[in-house]
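K.L.:
A single structure is presented below for examination.
Nothing in this text is a laboratory measurement; each read-out follows from the coordinates by a stated rule. Predicted model, so just to flag it, every value in this text is computed and none were measured. Please note: Cβ atoms are built from the backbone with ideal geometry, for glycine as well, and neighbour counts cover all protein chains shown.
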Amino acid sequence: MDLPEGDVDAFECETCGNVGLGDGRLACCGSAMSRVDVDAAVEEPSLEDLLRAVFDMSDAELDICLCVMEGGDQTVRQLAERTDYDRSVAARHLNHLVELGVLRKRRRLLREGGHVYVYAPKSPETVRRSFKRQFLVWLAGATGQLEELRREKVEGILETDAEDTQWQLYHEE
């Protein structure tokens, strides 16, 4: 999947009502799609809101992410000391950040024997691409869920008796 670069807007097909995201070059039903006017009632999410919703980051995870981004290579012990989080909490969040593609994890052998894991930030461009990819995957899943909800709602309305109101149908669920 190619990731759009630059500004991304919402577009709608005036023929079929299809909606898409892109950088102004979207077409549907043989013609260009129209840019959707921004609804003043919908607030743009903050970066913190986005990271929480899409990537399931907690306050602790945001703190740890920023600490590694600013401080460079760190072990779980070093990070726990800098952030005042328990080592097990720090380790759990670090591993999630590795899964998200924000950090890399490598094993360092110790002179006295044994090993320790060191966490380091990936390049800003790599992090940006990783977050953008994860966001688009999340968006695709959210869109599918909204479409399923729409389908179920329409089927529910069609299957009700004329005496049942729509509000009662959905209030009971």
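K.L.:
Quote to one decimal, in nm, the extra length available between E81 and A32 on full extension: 0.36 nm per residue of separation minus the C-alpha distance between them. Provide the component values of the computation, followed by the final result.
P.N.:
Working: separation 49, 0.36 × 49 = 17.64 nm, distance 5.52 nm.
Full-extension gain reported as 12.1 nm.
K.L.:
Follow-up. Return the loop-located GluC sites (Glu not before Pro) in region 42-89 (DSSP other than H, G, I, E, B) with at most 14 other Cβ atoms within 10 Å of their own Cβ; answer none if there are none.
P.N.:
Those that pass, being in a loop and sparsely packed, are E43.
K.L.:
Can you give the FRET efficiency to the nearest 0.05 for T126 and R52, using r as the Cβ-Cβ distance and R₀ = 22 Å?
P.N.:
0.55
K.L.:
Apply the Karplus curve 6.51 cos²θ - 1.76 cosθ + 1.60, θ = phi - 60°, to the phi angles in region 137-142 and return the couplings in whole Hz, x for Gly and Pro.
P.N.:
5, 4, 4, 4, x, 5
K.L.:
Mind checking region 33-116 for trypsin sites (Lys or Arg not before Pro) that DSSP puts in a loop (not H, G, I, E or B) and that have at most 14 other Cβ atoms within 10 Å? Display every interim value, and only then the final one.
P.N.:
Numbers: sites: R35, R52, R77, R82, R87, R92, R104, K105, R106, R107, R108, R111; in loops: R111.
Answer in residue order: R111.
K.L.:
So how far apart, in nm, are the two label points at K105 and D59 if each is 7 Å from Cα heading toward Cβ?
P.N.:
Once both label points are built, they end up 2.5 nm from each other.
K.L.:
Now for a different question. Please label the shape of region 47-124 as rounded, prolate or oblate, based on the square roots a ≥ b ≥ c of the eigenvalues of the alpha-carbon gyration tensor (a/c under 1.5 means rounded; beyond that, a/b larger than b/c means prolate, else oblate).
P.N.:
Note, shape of region 47-124 comes out prolate.
K.L.:
Here is a further query. Roughly speaking, what is the stretch gain from T15 to F135, that is 0.36 nm per residue apart minus the C-alpha to C-alpha distance, in nm to one decimal?
P.N.:
Length gained, T15 through F135: 40.4 nm.
K.L.:
Still on this structure, I have one more. For a quick check: with amide H placed at 1.01 Å from N, whose amide H comes under 5 Å from V36's, ignoring anything fewer than 5 positions away on the same chain?
P.N.:
Result for V36 returns A10, F11, E12.
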